[in-house]
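The values are calculated or read from the model by the stated rules, or taken from the named source; none is laboratory data. What you are looking at is a predicted structure, and each value in this text was computed from that prediction instead of being measured. Positions of Cβ are backbone-derived with ideal geometry, glycine not excepted, and every protein chain shown enters the neighbour counts.
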Amino acid sequence: PVPHPGHDSVLCFSHPKVREFYREVIANFFTEFPEIDSFHYLTTDADGEFCDPELCPRCRGLSKLDQRDRLSRFLSDVMEKARPGIKIFNTAFDWERNKFGVWQMLIRQAAMPQDVGLCMAGCTDPATYERQSHEAIREARRVTWKSGQMLIGREAFHRFENLRVCRDHFISDYPFGVVAKVRRWADLKADGFFDVRGRFFASDFFLNSLVCREAILDPHLDAERLSGKFAREFFEFAGDEVLEAWKLIERGDRITSNAFTFPSASYLTQYLGWFWGTHVPPLPDAGKFIAQPEDLNEVTPYAALGYVYHDGNFQEQEHNSGTGMLNSLEYYRKACQKLQEAILKVRKRESPPACRVFMGKDYVWDPQKQLKAVKDYYELMCYATECTGSYHVLHSLYHTLKNAGKENKYGRQGKPYLKQYADSLEQLDLFCELMYAEKMIVNHKYGTYTNNGEKLACVSAVRNFLDKL
């Protein structure tokens, strides 16, 4: 083991004993699981997989990209011997950020063996609402196609960390978005995709599963016709209200997708749980809020037929993300109203045949419970989106003013967003308490959003600041 910033140590792959250990692990794995014919591996998650080129005596001068290439070729060679015909997938996660760069990553990918494919998300890491399609993933398809390699999408069709509170039973049915996601990879002629998280509990049923299957069979089907079919089949007399709610969710998701620039590991991530892991109040006396790190390592701007995702400098990216999130609120709120109308109108019924196919013949499905779990999810989306969106706007505003030497104007100019932040954060905390009491949230201590008084302390600090203006 060698020292590594932020970690106790990492195993140095330059050491022959480490490589021998990997060979043994791989041989044992394929002996136990000979049916495995593809293998995806993730590197640089939490920046802890490779040696520091400046600290490790064996890897000195060997960049992280060089170490990544070395590992990929090693896995290709050793796995092919253990399991002939194996397809392995490198990952783009975190490598397409500015610290390394998507174009440099793709140059390296082109030099990989044919059996080393690429797994890539639309924006570094998935989100349930994200469906970006741009020059970076199109170039990834061109590079892998030309090199005889496979390309698969890294997706979030059911749930993901972007709106995970703790261990919870929320349902995120959004059929229009599922079709859009499948269509993206089909239009790219990708070799497939996989759902990174799936369901958090095996007992939770998602209509997304059925929609995904239909979209795989026909990626260019009529999404509204399919959604209407499922709305009427599953919710009968409340089908019209459910379909209208799904349309409103889709309008909100399209806006939020365009505003998605800060996924996991970002300086100010848009994922609620991760956001709270590094959060401080949006006030000019909070050290992290007013500090500007030198290396933001954020996502590169990508062109997409006249539109540019993640456009501008850091402050502009933040402002666009924050305002985009706030602009989506109108549609999520209206969707919750429609879902509530559907809950009052729907009647209990036997489990539909398609539900029993997925969940088992004895599964008891309750349409009211299903709709409430969806409504609760999008009500949470409203509070989380308003809180994190206003925070991004405030952070952008402060640093824009600071760069102009006018940070003393922050309080006055940021006042409406500061109030919006405090109000939505208080509502978010109260809503999570209610969901905990209803057992929708299973355990406060699981995950990064915990109830320890920290959030309400932020609310008090912001309101005290506003009172002094």
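The residue list Phe262, Phe237, Phe230 contains one member that is hydrophobic (A, V, I, L, M, F, W, C) and under 19 Å from Tyr398 (Cβ atoms), which is Phe262. For region 289-338, taking the residues that are modelled with pLDDT under 95, aromatic (Phe, Trp, Tyr) and in a helix (DSSP H, G or I), the one that is farthest from Ser257 (Cα to Cα) is identified as Phe289. Just give me the residues in region 215-239 being without any contact (Cβ under 8 Å) to a residue 24 or more places away in the chain and closer than 15 Å to Val182 by Cβ, in sequence order. Across region 215-239, the qualifying residues are Leu217, Asp218, Asp222. Residue check: Ala156 meets all listed conditions (1) without any contact (Cβ under 8 Å) to a residue 40 or more places away in the chain; (2) under 21 Å from Asp94 (Cα atoms); (3) among the small types (Gly, Ala, Ser) but one, namely (1). Of the helices (runs of 4 or more DSSP H) lying entirely inside region 114-223, those containing at least 2 residues that are within 17 Å of the chain's Cα centre (by Cα) are 175-187.
If you go through region 203-229 and keep only what is of a type in the set (A, V, I, L, M) and surrounded by 13 or more Cβ atoms within 10 Å (Cβ to Cβ), you end up with Leu207, Leu210, Val211, Ala215, Ile216, Leu221, Ala223, Leu226. Checked against the criterion of being touching a Leu at 6+ places or on another chain (Cβ under 6 Å), at pLDDT 85 or above and assigned to a helix (DSSP H, G or I), region 357-368 has no qualifying residue.
Scanning region 276-288 for residues that are under 23 Å from the mean Cα position of the chain (by Cα) and modelled with pLDDT of 85 or more turns up just one, Val280. Does Arg142 satisfy being free of Cβ contacts under 8 Å to residues at least 12 places away in the same chain and out of contact with any Ser or Thr (no Cβ under 8 Å at 6 or more places or on another chain)? Spelling it out, Arg142 is indeed free of Cβ contacts under 8 Å to residues at least 12 places away in the same chain and out of contact with any Ser or Thr (no Cβ under 8 Å at 6 or more places or on another chain). Among the residues of region 252-299, just one is within 18 Å of Leu380 (Cβ to Cβ) and free of Cβ contacts under 8 Å to residues at least 12 places away in the same chain, namely Thr269. In the set (1) modelled with pLDDT of 95 or more; (2) in a helix (DSSP H, G or I); (3) surrounded by fewer than 16 Cβ atoms within 10 Å (Cβ to Cβ), Leu430 fails one condition alone, (1). Is it the case that Tyr41 is at pLDDT 95 or above, touching a helix residue (DSSP H, G or I) at 6+ places or on another chain (Cβ under 8 Å) and within 30 Å of Ser172 (Cβ to Cβ)? So Tyr41 does not fit the description; no. Kindly provide the set of residues from region 387-410 that are surrounded by fewer than 16 Cβ atoms within 10 Å (Cβ to Cβ) and in a helix (DSSP H, G or I), ordered by number. Asn403, Asn408, Lys409 - these are the residues of region 387-410 that are surrounded by fewer than 16 Cβ atoms within 10 Å (Cβ to Cβ) and in a helix (DSSP H, G or I). If the condition is being in contact (Cβ under 8 Å) with a residue 40 or more places away in the chain, touching a Phe, Trp or Tyr at 6+ places or on another chain (Cβ under 9 Å) and surrounded by fewer than 20 Cβ atoms within 10 Å (Cβ to Cβ), then region 337-378 contributes Lys345, Arg347, Arg349, Pro352, Ala354, Phe358, Met359, Tyr363, Trp365. Here the condition is being farther than 13 Å from Asp204 by Cα and of a type in the set (Val, Ile, Thr); of Val346, Val364, it holds for Val346 alone. With respect to the stated conditions, Tyr332 fails to be crowded, with 17+ Cβ neighbours inside 10 Å and farther than 27 Å from Ala231 by Cβ.
Residues checked against (1) surrounded by fewer than 17 Cβ atoms within 10 Å (Cβ to Cβ); (2) assigned to a loop (DSSP other than H, G, I, E, B); (3) in contact with a Phe, Trp or Tyr (Cβ under 8 Å, 6 or more places away or on another chain); (4) modelled with pLDDT of 90 or more:
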residue: Ala384; (1), (2), (3), (4): no, no, no, yes
residue: Glu426; (1), (2), (3), (4): no, no, no, yes
residue: Tyr436; (1), (2), (3), (4): no, no, no, no
residue: Arg463; (1), (2), (3), (4): yes, no, no, yes
residue: Leu469; (1), (2), (3), (4): yes, yes, no, yes
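One residue stands out in region 233-266 among those that are outside any helix (DSSP H, G or I) and out of contact with any strand residue (DSSP E or B) (no Cβ under 7 Å at 6 or more places or on another chain): the one that is surrounded by the fewest Cβ atoms within 10 Å (Cβ to Cβ), namely Ala265.
Condition check ((1) part of a helix (DSSP H, G or I); (2) among the charged types (D, E, K, R); (3) touching a Leu at 6+ places or on another chain (Cβ under 6 Å)) across all residues:
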{"position": "Leu75", "(1), (2), (3)": "yes, no, no"}
{"position": "Val78", "(1), (2), (3)": "yes, no, no"}
{"position": "Lys81", "(1), (2), (3)": "yes, yes, no"}
{"position": "Pro84", "(1), (2), (3)": "no, no, no"}
{"position": "Ile88", "(1), (2), (3)": "no, no, yes"}
{"position": "Trp95", "(1), (2), (3)": "no, no, no"}
{"position": "Lys99", "(1), (2), (3)": "no, yes, no"}
{"position": "Gln104", "(1), (2), (3)": "yes, no, no"}
{"position": "Ile107", "(1), (2), (3)": "yes, no, no"}
